[in-house]
Amino acid sequence: MSSAPAMDQLTGMRVFATIVDKGGFAPAATALGMSKTMVSKHLAAIEDRLGVRLLNRTTRKIGLTEIGAEYLRRCQEIIQLVDEADGRLLESHDRPRGLLRVNAPVTFSERHLAPSIAEYRRRHPDVQVDLVVNDRVIDLIEEGFDLAVRIGRLKDSTLVARRLAPAHMVLVASPAYLAARGRPERPEDLARHDCLIYAYSSERDEWRFADEDGPRTVRVKGPVSSNNGMILMQAAIDGQGIVVLPTFIVGDALRDGRLVEILAEYRPQDRAIYAVFPANRHLSPKVRSFVDFLVERFGGRPYWEP
């Protein structure tokens with residue numbers, strides 16, 4: 001066999017099979033998007049490597065030699081296997097599948113994220129979802145999560161963030177509390193009221209508001225604090241005080257009258273709900289499909305708005 005410089009062997013097989021299929025060098029070159037000279041070089045490299053002639057050429061037509069016919073059959077088998085392998089790999093990469101590990105806040109997960117997972121899995125049954133809930137900020141990479149749902153104003157980080165929905169913050173109290181203690185008319189009045197405190201907030205005892213005159217901050221105190229929004233909502237419904245919570249928690253209670261919005265003209269600064277995930281040029285289909293699903297489900301005007 002010849003020791004001529006090697007060319008890509010699989011490409012050579014494809015070129016040889018295409019020459020036979022198209023009936024000549026020129027039509028093969030057109031089909032493959034390469035020059036006629038390069039087609040000739042690929043065939044010559046195969047024949048030199050094998051030390052045999054694969055094609056009989058005349059000025060008008062080409063024909064397979066006996067060994068060429070056998071080699072063509074083998075080439076076609078190999079090309080088919082390679083194409084099938086590529087196709088299956090691309091299919092598996094394009095289809096969401098595997099274990100998806102998600103971290104999210106407790107209350108948002110209980111009220112909105114957990115009920116959404118069944119619909120997501122109906123669409124993508126090859127994905128298994130591991131939803132871990134807590135209200136602390138975790139290191140996604142260190143703790144092995146694919147993505148997290150976070151609420152608030154995001155800090156600078158190397159994570160990619162995609163906005164899912166607004167998180168409108170409202171100041172609410174029960175009708176019974178307002179009947180007993182009076183309705184505050186401006187933020188400064190809150191200093192004389194019982195206020196329910198979210199323990200994980202960086203602004204737990206200083207509530208910030210904004211109106212046409214600009215931002216203002218009010219120091220507050222009260223009889224109940226908790227790191228769970230549902231507990232604070234229930235305390236407010238029970239007449240324990242006034243609380244600032246997002247509408248995704250209190251929307252139902254506002255609609256049915258268990259809670260009443262107050263100081264609407266001084267709404268606290270709104271936040272947003274985000275999906276965050278590690279920066280990766282090749283985002284996996286399971287992460288991409290889940291984030292797209294959450295945007296579809298929660299985006300625009302969320303269904304929980306009162």
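Looking only at residues of region 135-150 that are in a helix (DSSP H, G or I) and among the acidic types (Asp, Glu), we find that the one that is farthest from SER226 (Cα to Cα) is GLU142. Looking across ALA264, ALA275, one residue alone is within 17 Å of ASP146 (Cα to Cα) and in contact (Cβ under 8 Å) with a residue 12 or more places away in the chain. It is ALA275. Taken together, the criteria place VAL295 among residues that are within 11 Å of the chain's Cα centre (by Cα) and either open to solvent by less than 20 Å² (accessible area, probe 1.4 Å) or of a type in the set (A, V, I, L, M, F, W, C) (or both). In this structure, is TYR198 hydroxyl-bearing (Ser, Thr, Tyr) and open to solvent by less than 70 Å² (accessible area, probe 1.4 Å)? The answer is no for TYR198.
Table: residues versus (1) at pLDDT 90 or above; (2) more than 27 Å from the chain's Cα centre (by Cα); (3) open to solvent by less than 40 Å² (accessible area, probe 1.4 Å).
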{"residue": "VAL250", "(1), (2), (3)": "yes, no, yes"}
{"residue": "ARG258", "(1), (2), (3)": "yes, yes, no"}
{"residue": "GLN269", "(1), (2), (3)": "no, no, no"}
{"residue": "ALA272", "(1), (2), (3)": "yes, no, yes"}
{"residue": "VAL276", "(1), (2), (3)": "yes, no, yes"}
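VAL160 - would you say it is hydrophobic (A, V, I, L, M, F, W, C), open to solvent by 20 Å² or more (accessible area, probe 1.4 Å) and in a strand (DSSP E or B)? So VAL160 passes the test. Hey, can you tell me all the residues within region 194-218 that are part of a loop (DSSP other than H, G, I, E, B) and under 33 Å from the mean Cα position of the chain (by Cα)? Within region 194-218, ALA199, TYR200, SER201, SER202, GLU203, ARG204 meet the criteria. Contact map, region 212-227: first residue modelled with pLDDT of 90 or more, second residue buried (at least 17 other Cβ atoms within 10 Å of the Cβ) and of a type in the set (S, T, N, Q), Cβ cut-off under 6 Å, separation 6 or more or different chains; pairs are VAL224/GLN240. Taking the criterion of being surrounded by fewer than 15 Cβ atoms within 10 Å (Cβ to Cβ) and either closer than 30 Å to PRO187 by Cα or modelled with pLDDT under 85 (or both), the residues of region 138-153 that qualify are ILE138, ASP139, ILE141, GLU142, ARG153. Does region 171-178 include one or more residues that are modelled with pLDDT of 95 or more, open to solvent by 30 Å² or more (accessible area, probe 1.4 Å) and not hydrophobic (A, V, I, L, M, F, W, C)? The answer is yes, given that some residue of region 171-178 is modelled with pLDDT of 95 or more, open to solvent by 30 Å² or more (accessible area, probe 1.4 Å) and not hydrophobic (A, V, I, L, M, F, W, C).
On the given criteria, is VAL295 among the β-branched types (Val, Ile, Thr), outside any loop (DSSP other than H, G, I, E, B), at pLDDT 85 or above and in contact with a helix residue (DSSP H, G or I) (Cβ under 6 Å, 6 or more places away or on another chain)? So VAL295 does not fit the description; no.
Against the conditions (1) open to solvent by 70 Å² or more (accessible area, probe 1.4 Å); (2) in a helix (DSSP H, G or I); (3) among the charged types (D, E, K, R), ASP189 satisfies every one except (1). Taken together, the residues in region 254-286 that are aliphatic (A, V, I, L, M) and assigned to a helix (DSSP H, G or I) amount to 2.
The values are calculated or read from the model by the stated rules, or taken from the named source; none is laboratory data. The model shown is predicted, which means the values in this text are computed figures rather than measured ones. We place every Cβ from the backbone using ideal geometry, glycine too, and count neighbours over all the protein chains shown. For accessibility, only protein heavy atoms count, side chains too; no ligands or nucleic acids. Shrake-Rupley method; radii C 1.70, N 1.55, O 1.52, S 1.80 Å.
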